[in-house]
Amino acid sequence: MKRGGVINAALAGALARLGHTDELLICDSGMPLPAGVPVVDLAFVAGIPSFADVLDGILAEIVVEGATAAEEVRTANPACHELLGERLPRVAYVPHERLKQLSAAAKLVVRTGEARPYANVILRCGVAF
């Protein structure tokens with residue numbers, strides 16, 4: 001049994017399989033899921049688990065070298081925009097429609113229960129050395 005970190009077996013295994021430059025999408029409960037991409041659906045009820053909690057849990061597990069979010073988050077969800085800026089200092093912003101297109105290349109999608117708009121980010125995996 002694991003001592004800590006991500007204890008969801010499906011998510012822990014999927015994160016362990018990611019490699020350098022692989023991308024994963026952490027998304028809110030309303031984001032369209034890209035066809036053919038494995039999904040770990042953590043959504044339980046509206047707001048649980050939150051985007052922030054899932055993002056923090058995943059950031060504790062992987063190395064991130066880049067991130068992309070929807071530019072609409074800046075005005076439609078300022079709290080999420082601030083969170084992204086604090087956790088991921090080099091976030092690139094694209095229109096939401098473009099983010100949906102980019103998500104098709106993800107190796108993994110992690111769906112949260114987040115019920116606020118534009119709480120979505122694509123993380124590009126880095127290396128620890």
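Laboratory data are not the source of any read-out in this text; all were calculated from the coordinates shown. Everything numeric here is computed off the predicted structure, so don't read it as measured data. Ideal geometry is used to build each Cβ from the backbone, glycine not excepted, and the neighbour counts take in all protein chains shown.
Applying the Karplus parametrisation 6.51 cos²θ - 1.76 cosθ + 1.60 with θ = phi - 60° to the phi angles of the range 60-67, what ³J(HN,Hα) value in whole Hz is obtained for each residue in order, glycine and proline being reported as x?
With coefficients 6.51, -1.76 and 1.60, one gets 6, 9, 10, 8, 10, 10, x, 8 Hz.
Cα gyration tensor of the range 59-102, axes a ≥ b ≥ c as square roots of the eigenvalues: rounded (a/c below 1.5), prolate (a/b > b/c) or oblate?
The shape class here is oblate.
Across the range 90-98, in residue order, what do the Karplus-derived ³J(HN,Hα) couplings come to in whole Hz, using 6.51 cos²θ - 1.76 cosθ + 1.60 with θ = phi - 60° and x for Gly and Pro?
Here the 3J(HN,Hα) series is 10, 7, 9, 10, 9, x, 4, 4, 5 Hz.
Does anything in the range 1-20 have its amide N under 20 Å from the 7 Å Cα→Cβ label point of LEU33, and if so which residues?
7-18
Once you keep just the Cα pairs under 8 angstrom separated by 6 or more residues, what percentage relative contact order results for the chain?
Dividing the mean separation by the residue count of the chain yields 48 percent.
Taking neighbour Cβ counts within 10 Å as the exposure measure, how do PHE44, PHE51 sort from fewest upward?
If I rank by nearby Cβ atoms, fewest first, I get PHE44, PHE51.
Shape call for the range 20-125 from the C-alpha gyration tensor, a ≥ b ≥ c root eigenvalues: rounded (a/c under 1.5), prolate (a/b greater than b/c) or oblate?
Rounded is the answer for the range 20-125, as its axis ratio a/c remains below 1.5.
How do THR21, THR112, THR75 rank when sorted from fewest to most other Cβ atoms within 10 Å of their own Cβ?
Taking fewest neighbouring Cβ atoms as first place, the list is THR75, THR21, THR112.
Label 7 Å along Cα→Cβ of LEU59; the range 69-100 residues with amide nitrogen under 12 Å?
Output list for this probe position: 80-91.
Which ordering of CYS125, CYS80 is given by a fewest-first count of other beta-carbon atoms within 10 Å?
CYS125, CYS80
Taking a virtual spin label 7 Å from the Cα of VAL94 along the C-beta vector, which residues in the range 1-29 bring their backbone nitrogen under 18 Å of it?
Taking a point 7 Å out along Cα→Cβ of VAL94, the residues of the range 1-29 whose backbone N falls under 18 Å are 21-28.
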